[in-house]
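For reference, the structure discussed in these notes is given below.
The values are calculated or read from the model by the stated rules, or taken from the named source; none is laboratory data. Predicted model only: the values in this text are computed from it and were never measured. A quick note on method: Cβ atoms are made from the backbone with ideal geometry, for glycine too, and the neighbour counts reach across all protein chains shown. Heads up: the accessible areas ignore ligands, DNA and RNA and are worked out on the full protein's heavy atoms, side chains in. Shrake-Rupley method; radii C 1.70, N 1.55, O 1.52, S 1.80 Å.
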Amino acid sequence: MKKIEIDHSTLSLENLKNKKITLIGYGIQGRAQALNLRDSGLNPYIGNISDHYYDDAVSDNMPISNIEEASKDADIIMLLIPDQSQPETFQKILKGKPSQNCLIIVAHGYSIYHSNISMPETFSIGMLAPRMPGAPIRDAYLQGTGIPAFFDVVKDKSGNTRDELISLAHAIGFTKGGLFEVPLTEETEIDLFIEQFYLPLVIHSARIAHDFLTEEGLNSSTVLMELFASGEIGELLTRASKNGLYETWMNHASPTCRFGIKRAVENKMPSDSIKEFAKNVLLEIRNGSFNKDLTKEGHNGYTNLLKFEKNNIDSSFTKNFEKTKKMDNFNR
Ligand code: NDP
(Lines give C-alpha, C1' and ligand atoms only; values in the text may rest on other atoms or scores of the structure.)
Protein backbone atom coordinates (compact mmCIF):
# COMPACT_ATOMS: atom_id res chain seq x y z
CA MET A 1 0.00 0.00 0.00
CA LYS A 2 1.52 3.30 -1.09
CA LYS A 3 0.11 6.75 -0.39
CA ILE A 4 -0.08 8.97 -3.46
CA GLU A 5 1.39 12.36 -2.62
CA ILE A 6 -0.82 15.02 -4.18
CA ASP A 7 -0.08 18.68 -4.67
CA HIS A 8 -3.62 20.04 -4.48
CA SER A 9 -2.53 23.47 -5.72
CA THR A 10 -1.48 22.10 -9.11
CA LEU A 11 -4.05 19.35 -9.55
CA SER A 12 -6.39 20.21 -12.40
CA LEU A 13 -9.57 18.66 -13.71
CA GLU A 14 -8.95 19.91 -17.27
CA ASN A 15 -8.32 16.34 -18.48
CA LEU A 16 -11.92 15.46 -17.54
CA LYS A 17 -13.71 18.59 -18.74
CA ASN A 18 -14.66 17.26 -22.18
CA LYS A 19 -15.30 13.70 -21.14
CA LYS A 20 -18.69 12.10 -20.82
CA ILE A 21 -18.59 10.67 -17.30
CA THR A 22 -21.43 8.25 -16.64
CA LEU A 23 -22.22 6.84 -13.22
CA ILE A 24 -24.22 3.65 -13.38
CA GLY A 25 -26.25 3.49 -10.15
CA TYR A 26 -27.50 6.35 -7.99
CA GLY A 27 -27.55 4.46 -4.69
CA ILE A 28 -25.32 4.61 -1.62
CA GLN A 29 -22.09 5.36 -3.54
CA GLY A 30 -23.54 6.74 -6.77
CA ARG A 31 -25.45 9.68 -5.33
CA ALA A 32 -22.60 10.90 -3.09
CA GLN A 33 -19.95 10.58 -5.81
CA ALA A 34 -22.16 12.25 -8.45
CA LEU A 35 -22.97 15.23 -6.21
CA ASN A 36 -19.29 15.70 -5.35
CA LEU A 37 -18.25 15.46 -9.02
CA ARG A 38 -20.85 18.05 -9.98
CA ASP A 39 -19.89 20.41 -7.14
CA SER A 40 -16.28 20.12 -8.36
CA GLY A 41 -17.34 21.51 -11.74
CA LEU A 42 -17.74 18.29 -13.76
CA ASN A 43 -20.89 17.08 -15.53
CA PRO A 44 -21.72 13.56 -14.39
CA TYR A 45 -24.46 11.72 -16.23
CA ILE A 46 -26.47 8.99 -14.49
CA GLY A 47 -27.76 5.65 -15.73
CA ASN A 48 -30.17 3.80 -13.44
CA ILE A 49 -33.01 1.32 -13.52
CA SER A 50 -36.41 2.83 -12.93
CA ASP A 51 -36.78 2.89 -9.12
CA HIS A 52 -36.74 5.30 -6.20
CA TYR A 53 -33.03 6.02 -6.78
CA TYR A 54 -33.97 7.19 -10.27
CA ASP A 55 -36.43 9.60 -8.64
CA ASP A 56 -33.71 10.81 -6.25
CA ALA A 57 -31.51 11.69 -9.22
CA VAL A 58 -34.36 13.59 -10.86
CA SER A 59 -34.96 15.53 -7.61
CA ASP A 60 -31.24 16.36 -7.51
CA ASN A 61 -31.46 17.69 -11.10
CA MET A 62 -28.98 15.11 -12.36
CA PRO A 63 -29.18 14.25 -16.06
CA ILE A 64 -30.38 10.65 -16.04
CA SER A 65 -31.68 7.99 -18.36
CA ASN A 66 -31.79 4.22 -18.55
CA ILE A 67 -28.49 2.34 -18.46
CA GLU A 68 -28.17 1.75 -22.20
CA GLU A 69 -28.80 5.34 -23.13
CA ALA A 70 -26.56 6.73 -20.36
CA SER A 71 -23.69 4.55 -21.60
CA LYS A 72 -23.86 5.82 -25.19
CA ASP A 73 -20.54 7.47 -26.13
CA ALA A 74 -19.41 7.48 -22.49
CA ASP A 75 -15.66 8.09 -22.06
CA ILE A 76 -15.68 7.06 -18.41
CA ILE A 77 -18.15 4.68 -16.77
CA MET A 78 -18.22 4.35 -12.99
CA LEU A 79 -19.88 1.09 -12.05
CA LEU A 80 -21.74 1.92 -8.81
CA ILE A 81 -24.28 -0.86 -8.57
CA PRO A 82 -24.20 -3.97 -6.37
CA ASP A 83 -21.40 -6.36 -7.34
CA GLN A 84 -23.82 -9.17 -8.12
CA SER A 85 -25.79 -7.06 -10.63
CA GLN A 86 -22.71 -5.96 -12.53
CA PRO A 87 -22.39 -8.82 -15.07
CA GLU A 88 -25.99 -8.45 -16.28
CA THR A 89 -25.86 -4.66 -16.23
CA PHE A 90 -22.59 -4.68 -18.14
CA GLN A 91 -24.42 -6.25 -21.10
CA LYS A 92 -26.79 -3.24 -21.11
CA ILE A 93 -23.80 -0.89 -20.93
CA LEU A 94 -22.22 -2.55 -23.97
CA LYS A 95 -25.48 -2.34 -25.91
CA GLY A 96 -25.43 1.42 -25.27
CA LYS A 97 -22.11 1.61 -27.17
CA PRO A 98 -19.68 3.50 -24.91
CA SER A 99 -16.68 5.15 -26.52
CA GLN A 100 -14.19 2.63 -27.92
CA ASN A 101 -11.53 3.70 -25.41
CA CYS A 102 -13.86 3.84 -22.45
CA LEU A 103 -12.39 3.73 -18.94
CA ILE A 104 -14.44 1.46 -16.66
CA ILE A 105 -14.08 2.23 -12.96
CA VAL A 106 -15.14 -0.12 -10.19
CA ALA A 107 -15.62 0.87 -6.54
CA HIS A 108 -14.67 -2.61 -5.34
CA GLY A 109 -12.59 -5.19 -7.21
CA TYR A 110 -15.14 -8.01 -6.89
CA SER A 111 -16.39 -8.37 -10.49
CA ILE A 112 -12.94 -7.99 -12.03
CA TYR A 113 -11.27 -10.31 -9.49
CA HIS A 114 -13.77 -13.07 -10.22
CA SER A 115 -13.76 -12.37 -13.99
CA ASN A 116 -17.55 -11.92 -13.80
CA ILE A 117 -17.38 -9.28 -16.53
CA SER A 118 -15.62 -9.65 -19.86
CA MET A 119 -14.30 -6.31 -21.01
CA PRO A 120 -13.78 -5.35 -24.61
CA GLU A 121 -10.07 -5.40 -25.46
CA THR A 122 -9.95 -1.62 -26.08
CA PHE A 123 -11.33 -0.59 -22.68
CA SER A 124 -9.17 0.56 -19.78
CA ILE A 125 -9.99 -0.53 -16.24
CA GLY A 126 -9.43 1.32 -12.99
CA MET A 127 -10.43 0.93 -9.37
CA LEU A 128 -11.44 3.76 -7.04
CA ALA A 129 -12.55 2.00 -3.90
CA PRO A 130 -13.77 4.25 -1.08
CA ARG A 131 -13.27 3.07 2.48
CA MET A 132 -16.63 4.48 3.64
CA PRO A 133 -20.28 4.50 2.57
CA GLY A 134 -21.74 7.36 0.52
CA ALA A 135 -23.08 9.58 3.30
CA PRO A 136 -19.67 10.18 4.94
CA ILE A 137 -18.14 10.76 1.48
CA ARG A 138 -20.66 13.52 0.85
CA ASP A 139 -20.44 14.98 4.38
CA ALA A 140 -16.63 15.10 4.27
CA TYR A 141 -16.71 16.82 0.86
CA LEU A 142 -19.14 19.47 2.16
CA GLN A 143 -16.85 20.05 5.16
CA GLY A 144 -13.85 20.50 2.87
CA THR A 145 -12.22 17.25 3.94
CA GLY A 146 -12.29 13.77 2.42
CA ILE A 147 -12.33 10.08 3.20
CA PRO A 148 -9.62 7.59 2.15
CA ALA A 149 -9.82 5.42 -0.95
CA PHE A 150 -7.75 2.69 -2.59
CA PHE A 151 -6.93 3.02 -6.23
CA ASP A 152 -5.38 0.84 -8.90
CA VAL A 153 -4.71 1.08 -12.60
CA VAL A 154 -5.84 -2.38 -13.67
CA LYS A 155 -5.51 -2.01 -17.43
CA ASP A 156 -4.27 1.10 -19.19
CA LYS A 157 -5.13 1.05 -22.89
CA SER A 158 -5.42 4.84 -23.28
CA GLY A 159 -2.20 5.84 -21.51
CA ASN A 160 -4.27 8.31 -19.42
CA THR A 161 -5.86 5.97 -16.91
CA ARG A 162 -3.71 6.91 -13.93
CA ASP A 163 -4.12 10.67 -14.43
CA GLU A 164 -7.86 10.33 -14.96
CA LEU A 165 -8.30 8.19 -11.85
CA ILE A 166 -6.35 10.67 -9.73
CA SER A 167 -8.37 13.60 -11.12
CA LEU A 168 -11.64 11.81 -10.40
CA ALA A 169 -10.44 10.93 -6.91
CA HIS A 170 -9.59 14.60 -6.40
CA ALA A 171 -13.03 15.72 -7.67
CA ILE A 172 -14.83 13.29 -5.34
CA GLY A 173 -12.70 14.29 -2.36
CA PHE A 174 -10.66 11.13 -1.91
CA THR A 175 -7.29 12.84 -2.31
CA LYS A 176 -7.99 14.92 0.80
CA GLY A 177 -8.79 11.78 2.78
CA GLY A 178 -5.76 9.90 1.43
CA LEU A 179 -5.45 8.07 -1.87
CA PHE A 180 -3.58 4.77 -1.54
CA GLU A 181 -2.31 2.61 -4.37
CA VAL A 182 -3.46 -0.94 -3.61
CA PRO A 183 -3.60 -3.80 -6.14
CA LEU A 184 -7.19 -4.75 -7.01
CA THR A 185 -6.58 -8.36 -5.95
CA GLU A 186 -5.45 -7.26 -2.51
CA GLU A 187 -8.37 -4.82 -2.07
CA THR A 188 -10.86 -7.54 -2.99
CA GLU A 189 -9.40 -10.33 -0.89
CA ILE A 190 -8.95 -8.17 2.21
CA ASP A 191 -12.36 -6.48 1.90
CA LEU A 192 -14.16 -9.80 1.51
CA PHE A 193 -12.10 -11.41 4.25
CA ILE A 194 -12.93 -8.69 6.77
CA GLU A 195 -16.63 -8.96 5.85
CA GLN A 196 -16.65 -12.73 6.18
CA PHE A 197 -14.24 -13.29 9.07
CA TYR A 198 -14.00 -10.24 11.32
CA LEU A 199 -17.54 -8.85 11.06
CA PRO A 200 -19.30 -12.17 11.72
CA LEU A 201 -17.06 -12.69 14.76
CA VAL A 202 -17.91 -9.24 16.13
CA ILE A 203 -21.63 -9.34 15.29
CA HIS A 204 -22.33 -12.95 16.07
CA SER A 205 -20.32 -13.03 19.29
CA ALA A 206 -22.54 -10.17 20.53
CA ARG A 207 -25.57 -12.34 19.82
CA ILE A 208 -24.05 -15.42 21.45
CA ALA A 209 -23.08 -13.36 24.51
CA HIS A 210 -26.54 -11.83 24.80
CA ASP A 211 -28.46 -15.08 24.35
CA PHE A 212 -26.17 -16.99 26.73
CA LEU A 213 -26.21 -14.39 29.49
CA THR A 214 -29.99 -13.93 29.33
CA GLU A 215 -30.42 -17.73 29.48
CA GLU A 216 -28.28 -17.56 32.62
CA GLY A 217 -30.82 -15.13 34.11
CA LEU A 218 -28.99 -11.86 33.53
CA ASN A 219 -30.85 -8.75 32.41
CA SER A 220 -31.02 -8.28 28.65
CA SER A 221 -30.89 -4.46 28.62
CA THR A 222 -27.85 -4.41 30.89
CA VAL A 223 -26.13 -6.93 28.63
CA LEU A 224 -26.93 -4.91 25.51
CA MET A 225 -25.66 -1.71 27.14
CA GLU A 226 -22.36 -3.41 27.90
CA LEU A 227 -22.14 -5.02 24.46
CA PHE A 228 -22.67 -1.97 22.28
CA ALA A 229 -25.69 0.16 23.24
CA SER A 230 -23.79 2.47 25.61
CA GLY A 231 -21.45 3.33 22.73
CA GLU A 232 -18.38 2.60 24.90
CA ILE A 233 -16.83 -0.01 22.62
CA GLY A 234 -17.67 2.07 19.53
CA GLU A 235 -15.95 5.06 21.16
CA LEU A 236 -12.86 3.00 21.98
CA LEU A 237 -12.68 1.66 18.41
CA THR A 238 -12.92 5.19 17.01
CA ARG A 239 -10.03 6.18 19.26
CA ALA A 240 -8.16 3.04 18.19
CA SER A 241 -8.38 4.15 14.54
CA LYS A 242 -6.31 7.19 15.54
CA ASN A 243 -4.13 5.94 18.39
CA GLY A 244 -3.75 2.21 17.82
CA LEU A 245 -5.77 -0.75 19.07
CA TYR A 246 -3.54 -1.94 21.91
CA GLU A 247 -2.55 1.60 22.94
CA THR A 248 -6.23 2.60 23.29
CA TRP A 249 -7.06 -0.26 25.61
CA MET A 250 -3.83 0.27 27.57
CA ASN A 251 -4.62 3.94 28.03
CA HIS A 252 -8.36 3.83 28.64
CA ALA A 253 -9.24 0.48 30.22
CA SER A 254 -8.84 -0.53 33.86
CA PRO A 255 -6.23 -3.11 34.91
CA THR A 256 -9.14 -5.45 35.68
CA CYS A 257 -10.37 -5.23 32.08
CA ARG A 258 -6.87 -5.46 30.59
CA PHE A 259 -5.90 -8.45 32.73
CA GLY A 260 -9.21 -10.10 31.83
CA ILE A 261 -8.39 -9.71 28.12
CA LYS A 262 -4.87 -11.08 28.59
CA ARG A 263 -6.06 -14.09 30.57
CA ALA A 264 -8.81 -14.94 28.08
CA VAL A 265 -6.53 -14.56 25.04
CA GLU A 266 -3.82 -16.74 26.58
CA ASN A 267 -5.91 -19.39 28.27
CA LYS A 268 -9.44 -19.60 27.05
CA MET A 269 -9.96 -18.40 23.50
CA PRO A 270 -10.20 -21.12 20.84
CA SER A 271 -7.51 -19.36 18.79
CA ASP A 272 -6.65 -22.47 16.75
CA SER A 273 -10.24 -22.95 15.60
CA ILE A 274 -10.54 -19.24 14.85
CA LYS A 275 -7.40 -19.49 12.68
CA GLU A 276 -8.91 -22.53 10.95
CA PHE A 277 -12.06 -20.48 10.28
CA ALA A 278 -9.86 -17.68 8.85
CA LYS A 279 -8.10 -20.17 6.54
CA ASN A 280 -11.41 -21.45 5.21
CA VAL A 281 -12.78 -17.97 4.62
CA LEU A 282 -9.74 -17.00 2.52
CA LEU A 283 -9.76 -20.32 0.70
CA GLU A 284 -13.40 -19.93 -0.30
CA ILE A 285 -12.80 -16.37 -1.52
CA ARG A 286 -9.81 -17.53 -3.59
CA ASN A 287 -11.32 -20.71 -5.01
CA GLY A 288 -14.53 -18.95 -6.10
CA SER A 289 -16.93 -20.80 -3.74
CA PHE A 290 -18.13 -17.57 -2.18
CA ASN A 291 -18.67 -15.99 -5.61
CA LYS A 292 -20.61 -19.06 -6.74
CA ASP A 293 -22.87 -18.96 -3.66
CA LEU A 294 -23.44 -15.21 -3.87
CA THR A 295 -24.33 -15.45 -7.57
CA LYS A 296 -26.83 -18.22 -6.80
CA GLU A 297 -28.30 -16.26 -3.89
CA GLY A 298 -28.60 -13.12 -6.05
CA HIS A 299 -30.41 -15.08 -8.77
CA ASN A 300 -32.84 -16.37 -6.11
CA GLY A 301 -33.67 -12.83 -4.97
CA TYR A 302 -31.52 -13.13 -1.81
CA THR A 303 -34.24 -15.34 -0.22
CA ASN A 304 -31.93 -17.00 2.31
CA LEU A 305 -30.29 -13.72 3.25
CA LEU A 306 -33.66 -12.01 3.76
CA LYS A 307 -34.85 -14.93 5.90
CA PHE A 308 -31.68 -14.76 8.04
CA GLU A 309 -32.13 -11.00 8.48
CA LYS A 310 -35.83 -11.34 9.32
CA ASN A 311 -35.00 -13.89 12.03
CA ASN A 312 -32.45 -11.46 13.47
CA ILE A 313 -34.91 -8.57 13.43
CA ASP A 314 -37.64 -10.74 15.03
CA SER A 315 -35.28 -12.02 17.76
CA SER A 316 -35.42 -11.08 21.43
CA PHE A 317 -31.99 -9.48 20.90
CA THR A 318 -33.51 -6.82 18.59
CA LYS A 319 -36.75 -6.43 20.54
CA ASN A 320 -34.87 -5.91 23.79
CA PHE A 321 -32.57 -3.42 22.11
CA GLU A 322 -35.64 -1.38 21.07
CA LYS A 323 -36.81 -1.39 24.73
CA THR A 324 -33.33 -0.43 25.94
CA LYS A 325 -33.21 2.47 23.51
CA LYS A 326 -36.47 3.86 24.92
CA MET A 327 -35.30 3.46 28.53
CA ASP A 328 -32.09 5.27 27.80
CA ASN A 329 -33.78 8.04 25.73
CA PHE A 330 -30.96 7.32 23.32
CA ASN A 331 -29.47 10.76 23.40
CA ARG A 332 -26.24 9.80 21.68
P1 NDP B 1 -26.49 0.18 -3.83
O2 NDP B 1 -27.04 -1.02 -3.13
O3 NDP B 1 -26.71 1.50 -3.20
O4 NDP B 1 -27.11 0.17 -5.30
C5 NDP B 1 -26.72 1.15 -6.26
C6 NDP B 1 -27.71 1.22 -7.38
O7 NDP B 1 -27.76 0.01 -8.13
C8 NDP B 1 -29.14 1.51 -6.96
O9 NDP B 1 -29.63 2.50 -7.82
C10 NDP B 1 -29.78 0.15 -7.15
O11 NDP B 1 -31.18 0.22 -7.32
C12 NDP B 1 -29.11 -0.29 -8.41
N13 NDP B 1 -29.33 -1.71 -8.70
C14 NDP B 1 -29.55 -2.74 -7.87
N15 NDP B 1 -29.71 -3.88 -8.54
C16 NDP B 1 -29.61 -3.56 -9.84
C17 NDP B 1 -29.70 -4.30 -11.04
N18 NDP B 1 -29.96 -5.60 -11.04
N19 NDP B 1 -29.50 -3.65 -12.21
C20 NDP B 1 -29.25 -2.33 -12.22
N21 NDP B 1 -29.18 -1.56 -11.12
C22 NDP B 1 -29.34 -2.18 -9.95
O23 NDP B 1 -24.92 -0.07 -4.11
P24 NDP B 1 -23.63 0.57 -3.39
O25 NDP B 1 -23.55 2.00 -3.70
O26 NDP B 1 -23.58 0.13 -1.96
O27 NDP B 1 -22.46 -0.23 -4.11
C28 NDP B 1 -21.98 0.14 -5.40
C29 NDP B 1 -20.55 -0.34 -5.54
O30 NDP B 1 -19.75 0.36 -4.58
C31 NDP B 1 -20.35 -1.82 -5.28
O32 NDP B 1 -19.34 -2.29 -6.14
C33 NDP B 1 -19.84 -1.85 -3.84
O34 NDP B 1 -19.07 -2.99 -3.57
C35 NDP B 1 -19.01 -0.59 -3.82
N36 NDP B 1 -18.76 -0.03 -2.50
C37 NDP B 1 -19.80 0.19 -1.64
C38 NDP B 1 -19.56 0.73 -0.41
C39 NDP B 1 -20.69 1.02 0.54
O40 NDP B 1 -20.40 1.43 1.64
N41 NDP B 1 -21.94 0.86 0.18
C42 NDP B 1 -18.19 1.07 0.06
C43 NDP B 1 -17.18 0.88 -0.97
C44 NDP B 1 -17.47 0.32 -2.18
P45 NDP B 1 -32.20 -0.66 -6.39
O46 NDP B 1 -31.64 -0.79 -5.03
O47 NDP B 1 -33.49 0.09 -6.44
O48 NDP B 1 -32.34 -1.99 -7.04
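The table that follows gives values for the structure above.
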| read-out | value |
| --- | --- |
| Radius of gyration and Dmax over the Cα atoms of region 1-89, both given in Å | 14.1, 41 |
| Proximal lysines relative to Lys323, as straight alpha-carbon distance under 22 Å, when same-chain residues fewer than 8 apart are discounted | Lys310 |
| Cα pair distances in region 2-182, grouped into 10 Å bins until the bin that holds the longest one, percent each | 10, 42, 39, 9, 0 |
| Loop-exposed GluC sites (Glu not before Pro) per DSSP, neighbour cap 10 Cβ within 10 angstrom, longest uninterrupted part of the chain | 217-332 |
| Hydrodynamic radius by Kirkwood, which averages 1/r over all alpha carbon pairs of region 136-257, in angstrom | 18.1 |
| Simple spin-label estimate for Ile274 and Thr295 in nanometres, 7 Å along Cα-Cβ | 3.4 |
| Interchain or long-range residues, amide H under 5 Å from Leu103's placed H | Ile76, Ile77, Ser124 |
| The chain: most fluctuating residue of Ile147, Ile313, Ile76 per GNM, C-alpha cutoff 10 Å | Ile313 |
| Karplus 3J(HN,Hα) series, Hz, for region 17-33 with 6.51 cos²θ - 1.76 cosθ + 1.60 (x for Gly, Pro) | 4, 9, 9, 8, 9, 10, 9, 8, x, 10, x, 4, 7, x, 5, 4, 5 |
| Protein accessible area in region 182-263, 1.4 Å probe - carbon and sulfur % | 63 |
| Neighbour net charge for Phe290 - beta-carbon separation under 15 angstrom, K R +1, D E -1 | -3 |
| Calculated from backbone phi, Karplus (6.51, -1.76, 1.60) coupling profile of region 89-102 in Hz, x at Gly/Pro | 5, 4, 5, 5, 4, 5, 4, x, 6, x, 4, 4, 9, 4 |
| Region 23-177 - percent of accessible surface contributed by carbon and sulfur, probe 1.4 Å | 48 |
| Gained length - Asp39 relative to Tyr246, 0.36 nm times residue gap less alpha-carbon distance | 70.5 nm |
| Cα-based Rg / Dmax (Å) for the chain | 22.6, 67 |
| Contour minus Cα-Cα distance for Phe228 and Lys310 (0.36 nm per residue) | 27.4 nm |
| Antiparallel bridge percentage (DSSP; both residues within the chain; nearest 5) | 30 |
| Flagged links, alpha-carbon separation over 26 Å, of Lys242/Lys319; Lys2/Lys155; Lys19/Lys155; Lys17/Lys157 | Lys242/Lys319 |
| Region 2-182: relative contact order in percent, alpha carbon pairs under 8 Å with at least 6 residues between | 23 |
| At q = 0.11, 0.15, 0.16, 0.17 Å⁻¹, base-10 log of I(q)/I(0) for region 187-325 (Debye sum, equal scatterers on each alpha carbon) | -0.58, -1.06, -1.18, -1.27 |
| Value at 222 nm in deg cm²/dmol, rounded to 500, when DSSP H runs of n ≥ 4 in the chain each add -39,500 (n - 2.57) | -15500 deg cm²/dmol |
| Globularity index of region 187-257, i.e. its alpha-carbon radius of gyration over 2.2 N^0.38 Å | 1.31 |
| Integer Hz, Karplus 6.51/-1.76/1.60 couplings in order for region 261-273, x for Gly and Pro | 5, 4, 5, 5, 4, 7, 10, 10, 6, x, 4, 5, 5 |
| Average accessible surface area per residue within the chain, 1.4 Å rolling probe, Å² | 57 |
| Length added when fully stretched, Asn101-Ala264, from 0.36 nm per residue minus Cα-Cα | 53.0 nm |
| Interchain or long-range residues, amide H under 5 Å from Ile46's placed H | Leu23, Ile64, Ser65 |
